[in-house]
1. Using the Cα atoms of the stretch 135-194 to build a convex hull, what is its mean projected area in square nanometres?
2. Straight-line reach only, C-alpha to C-alpha below 18 angstrom: list the aspartates and glutamates that residue 150 could link to, leaving out same-chain residues fewer than 8 apart.
3. At what distance in angstrom do the alpha carbon centres of the stretch 313-336 and the stretch 269-290 lie from each other?
4. Using only alpha-carbon positions, what ratio does the radius of gyration of the stretch 70-148 give when scaled by 2.2 N^0.38 Å?
5. With +1 assigned to the C-beta of every Lys and Arg and -1 to the C-beta of every Asp and Glu, and no other charges, what is the dipole magnitude of the chain about the Cα centre in debye, to the nearest 20?
6. Taking the highest mean first, how do the peptides 212-224, 253-265 order by number of other beta carbon atoms within 10 angstrom per residue?
7. Per residue, what volume in Å³ does the Cα convex hull of the stretch 49-107 take up?
8. Past 23 Å, Cα to Cα: identify those pairs from 59/242; 110/141; 110/242, in the order given.
Amino acid sequence: MTTAGSDPRTASRPLWLLAELTYRCPLQCPYCSNPIEIAKYRNELSTGEWTRVLREARKMGATQLGLSGGEPLLREDLEEIIAAARSLGYYTNLITSGLGMDANRIRAFKEAGLDHIQVSFQASTAELNDYIAGTDAFEHKLEMARQVKKHGYPMVLCFVLHRHNADQIETVLELAARLEADYVELATTQYYGWAMLNRETLFPTRPQVEHAERVAHEWQEKMKGRMKIYYVVPDYYEDRPKPCMNGWGAVFLTIAPDGTALPCHAAAQLPGFSFPNVREISIEAIWNDSDAFNRFRGFDWMKEPCRSCDERHKDFGGCRCQAYMLTGDASNADPVCSKSPQHARILALVEQANADSGSGAGKPLVFRNMRESRKRLHMAPETAES
């Protein structure tokens, strides 16, 4: 990691590459962290452009590759991209809803050299899962989880927790156990993109969080040696921020579907930034020389209280996107931190969520889809997509 006064260009490498292959998706999850402006991202990188990106990032030291979206299965060239990554020496992880996958395609992924498949669920019951997903998906997800394991992959399941499904955590873990999952990620909602738009409705209550944490720990002990369970307390219920991406521009590189390079998947929302594009500049130049990637590297950019805080080497000031969304200034301390002058904003959000008696203030969920994105961008109607 960089230290104050050091040259960030020589102290960091993009070890973890997230390839957001497309923002198209058959699901309409209201907690999606994709940007609300998904309707803008039509000009996706070609197979050849993605291969060049992988090659350049690998040369810079990247070893871990996440293939994500949207739904990456909608890319017809996904197998080609996987094969290219394999030939370059990446460890590859496909992050998918499972829709668009079958046994034949899983075999094709195996032949192409894919290392890892993570299947996401929206809930532990078909009724709630399909409501949140906006389509009938639950039964297919169950079959894909079984097929993933049948074809020799570890079964990795992800459940995104929020107010509407947090009370299901016991049945979530029972489902994972019945499926003989190897790993279960209980991923608390991160409030970016569509999730931020729906925050008031998704925000869990304190009793829900405390119950989920207790049950997760009980199951971690119960399933020790059989199923690994990962659970992290939601940011807003902590008094210290997480080390977001292990620091801005330190090890993590995201490439959006149109080639925009980002230090994290949510950074495109930050005003006053001109994020470079891989169609115009090399990964090496993006990582080393762009103002956007150097803006919050190291510690010299920090304001007080972060600048003199003895915990700055642990959390790097927290999340820049969260600081912007909650305070209007990305250079402020993450208000999750109890040392932040804006920490009261977090406390007010928590108080409001718990005063809503579990109803989310009665606001309807806004489901993620292209039509909704166009409406919010004031775009003229076009051919319907979902």
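1. Working: hull surface 19.5 nm².
Average projection, Cα convex hull of the stretch 135-194: 4.9 nm².
2. By straight Cα distance, residue 150 reaches 102, 111, 115, 139, 180, 182.
3. 21 Å
4. Compared with the compact-globule rule of thumb, the stretch 70-148 sits at 1.15.
5. Using Cβ point charges on Lys, Arg, Asp and Glu, the chain gives about 440 debye.
6. Top of the packing list down: 253-265, 212-224.
7. Each residue corresponds to 81 Å³ of Cα convex hull volume.
8. 59/242; 110/242
The values are calculated or read from the model by the stated rules, or taken from the named source; none is laboratory data. Since the model is a prediction, treat every value here as computed from it, not as a measurement. Neighbour counts run over all protein chains shown; Cβ positions are idealised from the backbone, glycine included. Side chains included, ligands, DNA and RNA excluded: accessible areas come from the protein's heavy atoms. Shrake-Rupley method; radii C 1.70, N 1.55, O 1.52, S 1.80 Å.
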